[in-house]
């Protein structure tokens, strides 16, 4: 497979950490973002430091009707796609604001699914490729603190699972990434427990290893798998009384 990686949502802290990890490993990059001009300094830095090619792509996931055309317009398509795009606001604010609700769904589900569908069709036709999608442990059970964001991520988990099943028969691998808490700009307003929180560099390393080893699901910090297993086992009549 050609060493060329497409990162969707590359302006995020996690997206940039993944870009640096792959550049360090000698991969060329295609960085997609809604405001790609913000990536110009990173593009220059990555090319100079690592001697790789780094291209930028203007990509607005809210423009769902144009996403397939954007992908199909590429002359040289990357063989690895990593979708890091996401959006999270305070749940109570999103609950009161319809536009924020729609943005949450578009950024975390509708937009990524629309674009990945187009990419999946290409990979199926070629019989090769890798898709890695970032969801969240918040999607494993609805909780009062983030159920709108979590429900969009739950849909994306189901989508990636079905896509993995579909593309396996076409020699295309699909990885679901469940990072848990990560120190980023998006979570800067939260008080996060250090033991349960990863750095963007740790996430990048976990994604790189997960793709290389063809894992199906990656929890960046392994104990999140068991934490969420316990949370999912709590009976609903008890769970609904808790403040989580």
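Among what's in the stretch 151-193 and is assigned to a strand (DSSP E or B) and at pLDDT 95 or above, pick the residue that is farthest from residue 101 (Cα to Cα). Give the derivation first.
Looking only at the stretch 151-193, we keep the residues that are assigned to a strand (DSSP E or B), and these are 173-178, 181-182.
Adding the requirement that they be at pLDDT 95 or above leaves 173-178.
Working: 173: 31, 174: 28, 175: 27, 176: 24, 177: 23, 178: 22 Å.
Of everything passing the filter in the stretch 151-193, 173 is farthest from residue 101 (Cα to Cα).
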Scan the stretch 32-43 and give yes if some residue there is in contact with a helix residue (DSSP H, G or I) (Cβ under 8 Å, 6 or more places away or on another chain) and either more than 25 Å from residue 158 (Cβ to Cβ) or not in a helix (DSSP H, G or I) (or both), otherwise no.
yes
Within the stretch 124-148, how many residues turn out to be at pLDDT 95 or above and buried (at least 23 other Cβ atoms within 10 Å of the Cβ)?
6
Taking interchain pairs and intrachain pairs at least six residues apart, which have beta carbon atoms under 7 angstrom, with the first residue in the stretch 209-231 and over 16 Å from residue 136 (Cα atoms) and the second modelled with pLDDT under 90 and in a loop (DSSP other than H, G, I, E, B)?
none
Answer residue from the stretch 154-167, given it is closer than 16 Å to residue 81 by Cβ and over 12 Å from the mean Cα position of the chain (by Cα) and is surrounded by the fewest Cβ atoms within 10 Å (Cβ to Cβ) among those
166
Of those in the stretch 210-244 that are modelled with pLDDT of 95 or more and surrounded by fewer than 12 Cβ atoms within 10 Å (Cβ to Cβ), the residue nearest to residue 174 (Cα to Cα) is 214
Some residue of the stretch 76-91 being without any contact (Cβ under 8 Å) to a residue 40 or more places away in the chain and exposed (fewer than 14 other Cβ atoms within 10 Å of the Cβ):
no
Just to check your reading of the model, which residue among 42, 69, 85 is modelled with pLDDT of 95 or more and closer than 16 Å to residue 114 by Cβ?
69
Flag for residue 1 being closer than 20 Å to residue 128 by Cα and either assigned to a helix (DSSP H, G or I) or modelled with pLDDT under 95 (or both)
yes
In the stretch 45-66, how many are touching a helix residue (DSSP H, G or I) at 6+ places or on another chain (Cβ under 6 Å) and in a strand (DSSP E or B)?
3
So which pairs qualify, if the first residue must be in the stretch 52-64 and farther than 11 Å from residue 36 by Cβ, the second must be modelled with pLDDT of 95 or more and assigned to a loop (DSSP other than H, G, I, E, B), the Cβ gap must be under 7 Å, and the two must be at least 6 apart or on different chains?
52/26; 52/27
Any idea which of 107, 145, 151, 136 is under 13 Å from the mean Cα position of the chain (by Cα) and within 21 Å of residue 229 (Cβ to Cβ)?
136
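The values are calculated or read from the model by the stated rules, or taken from the named source; none is laboratory data. Bear in mind the structure is a predicted one, so any value in this text is a computation, not a measurement. Quick reminder, even Gly has a Cβ in these numbers, built from the backbone with ideal geometry, and neighbours come from all protein chains shown.
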